[in-house]
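Here's the structure we're looking at; comments come further down.
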Amino acid sequence: MNKISTKLSLPTEPRAFGFWVDGKSVPAGKRGVFERLSPAHGVPVTLVPKCTTQDLDAAVAAARTAFEDRRWSGLNGQARAAVLLRTGALIRERAEEIAWFETLENGKPIAQARAEVLGCADMFEYASGLARSLHGDSFNNLGDGMFGLVTREPVGVVGLITPWNFPFLILCERVPYILASGCTIVAKPSEVTSATTLMLAEILTEAGLPDGCMNVVTGAGGTIGQALIEHDDVDMLSFTGSTRVGRAVVQASGQTNFKKLGLELGGKNPQIVFADADLEDAADGVAFGIGFNTGQCCVSGSRLIVERSVADDFARMVQEKLARVRIGDPLDEATQIGAITTEAQNTTILSYIEKGRAEGARLICGGEPLDFGRGQYIAPALFGDVTPDMAIAREEIFGPVLTIMPFDTMDEAIALANDTDYGLAASVWTRNIDKALTVTRRVRAGRFWVNTTLAGGPELPLGGFKQSGWGREAGMYGVEEYTQVKSVHIEIGKRTPWVE
Ligand code: TXE
């Protein structure tokens, strides 16, 4: 584990950001600001405005005007693609600065932040092609008198609420696809990680996105977020965050204008390991699956389900891997696990570790706060003697806490994997193709990994089964999510008269 060192420097003073409406940055003025302290260093790094509901109304009005006058949706696919491509190039140009702010606000390792930012550029580049290939359908089999068309139209103004665990990545798994569909956006990032969303708005404008198509309001979830989900002039709301707020989003839609919803909520994702797997590789993948982003990841592989004959050996192998992970200052290039993002999350994780002990689970390793002199860090925890009814086996902890449960048969492994309210992601580790395919078919999850975990990219869609959410992001599915379908019946020749 690393001691705190600052190879990349901390800012000498926090950077003040404005919020973004109609193509312009608006300074905080008298509104007041959120001061964000780096969770790894405890020093102020950014200031973002506390927007008012009037600011939100102005942002929605700008997005509405931009949508209705067709300044974006009326452009052809080639023109929209050009903006998305330029955005990708500008993200690459500013990757170092974006990654730095991502690390300063979130506490994630700088090497990881850089990789995520480059992945985001790729999202825009990929979505540029989708802007050109989005199309509907035609029916040429309706008889000589009728021709049928199905067109896809942008839903309209999209509200986009994002969390703090992957502020830029989750944003960029949505924005390029929303824009490729022709919609306009009002985004509200998490109040603790708003900087890179504001940077993206600036980049989009520089790339030629017409004013009003991307707006960003900053503020607390309970005020600005709540006002956005209740807004009558927002046609669709894409929300990523907790199940609790997800329920509020569904209620708000029902109580206001029935806005369409996309929801990506929690996960309690199984990793099934068969005795015939390459266990060395699987142990490495399992350590990665729970350690990556300090386990603050909706698709973390937090439930390890291992064939009984190898369960003890495998637990030792995972323990050994976790002991060698480099935890420490996220600004250090070598760090693999950085700081916990918020004090509240730190408290939540530690309280689950206590609860696990109190419920009778055996802490095999980790689970203790790490003292580097400043910042909040937790050593990845591994629990044995876990039963499926324990809170640590059922609830999303959103931290580096892994539980192990043994199984004897494949049916038992599948039943354990499915014994959850969630259905976001799952992994299976085996050299046997029949087992891999059977488990892939029968475990109910929106993303599945075979002999790997947390793999991703712009092509394959993201989203959950069961209480993990509604709808899909990314890929062509992600663009279609932000469209609605219109059926068009076209009479050829003269129609048969109704009145004789
Ligand atoms: O999430 P919130 P929190 C889970 C994870 C974590 C827990 C709490 O288990 O421990 O949620 O995290 C905005 N109306 N996930 O409290 O509150 C908020 O400002 C509208 C899983 O930070 O859901 C932020 O922008 N918006 C997850 C966003 O919602 C509201 C990612 C998420 O915050 C609002 C994050 C309201 N009433 C947390 N209240 C994942 N699936 O990736 C808050 N917000």
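Over region 32-114, the ratio between the Cα radius of gyration and 2.2 N^0.38 Å evaluates to 1.50.
The residues LEU416, LEU437, LEU75, LEU304, when put in order of fewest to most other Cβ atoms within 10 Å, stand as LEU437, LEU75, LEU416, LEU304. Apply 1/(1 + (r/R0)^6) to the Cβ-Cβ distance of VAL250 and THR438, taking R0 = 35 Å, and write down the FRET efficiency to the nearest 0.05. In this case the efficiency is close to 0.55. How large is log10 of I(q)/I(0) for region 101-166 at q = 0.14, 0.21 Å⁻¹ when the intensity is taken from the Debye formula with one equal scatterer per alpha-carbon? Taking Cα atoms of region 101-166 as identical point scatterers yields -0.70, -1.00.
Hey, could you get me the Stokes-Einstein D for region 1-154, Kirkwood radius over alpha-carbon pairs, 37 °C and 0.692 mPa s, rounded to whole µm² s⁻¹? In µm²/s, the coefficient rounds to 169. The chain: D in µm²/s via Stokes-Einstein (Kirkwood Rh, Cα pairs, 10 °C, 1.306 mPa s)? This corresponds to a translational diffusion coefficient of 67 µm²/s. For the chain, the list of Cys residues with no other Cys C-beta under 4.7 Å reads CYS51, CYS183, CYS213, CYS297, CYS298, CYS365.
Starting from a Cα-only point model with no solvent, please compute log10 I(q)/I(0) by Debye for region 230-278 at q = 0.16, 0.17, 0.29 1/Å. Scattering profile of region 230-278, log10 relative to I(0): -0.51, -0.54, -1.06. Tell me, rounded to the nearest percent, the portion of alpha carbon pairs in region 151-304 spaced more than 17 Å apart. That tail contains 66 percent of the Cα-Cα pairs.
Note on ALA455 and ALA358: the model spin-label points, each 7 Å out from Cα along the C-beta direction, lie 4.1 nm apart. Counting only DSSP beta bridges whose two residues both lie in region 255-395, roughly 50 percent are antiparallel. Of GLU320, GLU13, the sequence from fewest to most neighbouring Cβ atoms within 10 angstrom is GLU13, GLU320.
Its residue count N sets the reference 2.2 N^0.38 Å, and the alpha-carbon radius of gyration of region 440-500 equals 1.98 times that reference. In terms of Cα atoms, the Rg and Dmax of region 232-353 work out to 18.9, 58 Å. Hydrophobic long helices, here whole DSSP H runs in the chain with Kyte-Doolittle means of at least -0.5 and Cα atoms spread over 15 Å or more along the helix axis, are found at 53-68, 77-93, 95-106, 110-133, 195-206, 243-255, 279-291. Overall dimensions of region 46-91, expressed as equivalent-ellipsoid semi-axes from the Cα gyration tensor (√(5λ), whole Å, largest first), are 27, 19, 4. Of all beta bridges that DSSP places with both ends in region 363-480, some 40 percent have antiparallel geometry. Of all DSSP-defined beta bridges confined to the chain, some 45% are antiparallel rather than parallel. Taking the Cα centre of the chain as origin and assigning +1 to Lys and Arg Cβ atoms and -1 to Asp and Glu Cβ atoms, the resulting dipole is close to 520 debye. In region 163-202, one over the average inverse separation of all distinct C-alpha pairs is 10.4 Å, which is the Kirkwood hydrodynamic radius. Secondary-structure-derived ellipticity at 222 nm for the chain, considering helices only, amounts to -11500 deg cm²/dmol, per-run term -39500 (n - 2.57) for DSSP H runs with n ≥ 4.
Note: region 369-500, Cα convex hull, 256 Å³ per residue.
The numbers here are math on the coordinates, done by the rules we state, and not lab data. Everything quoted here is computed from the prediction, not taken from an experiment. Positions of Cβ are backbone-derived with ideal geometry, glycine not excepted, and every protein chain shown enters the neighbour counts.
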